[in-house]
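Note sheet for the following structure.
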């Protein structure tokens, strides 16, 4: 079913370069779109994959770590506020 080189088919050299181009394209796609998740907690990975698809690849980890830190600081601030209010309402008799 394959064409010979004389009839317009690909030679062995052409087949090699076709697969080389497909592999190079695949490598570039993986590098840009698939994030590195080693060393991340599950919560940080959740932030990473909640980013838009175009931010996940190369710079996604940086964005996810920043967002994780901001949310963590907000949570710690919210936990600290009720304790201060609780102490402010205690009266000594």
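The values are calculated or read from the model by the stated rules, or taken from the named source; none is laboratory data. Keep in mind that this is a model prediction, so the values were computed, not measured. Quick reminder, even Gly has a Cβ in these numbers, built from the backbone with ideal geometry, and neighbours come from all protein chains shown.
Here are a few things to note about the model shown:
- Just one residue in the set 8, 26, 39 is exposed (fewer than 11 other Cβ atoms within 10 Å of the Cβ), modelled with pLDDT of 85 or more and out of contact with any strand residue (DSSP E or B) (no Cβ under 6 Å at 6 or more places or on another chain); that residue is 26.
- The residues on offer are 10, 45, and the sole one that is in a loop (DSSP other than H, G, I, E, B) and on the phi < 0 side of the Ramachandran plot is 10.
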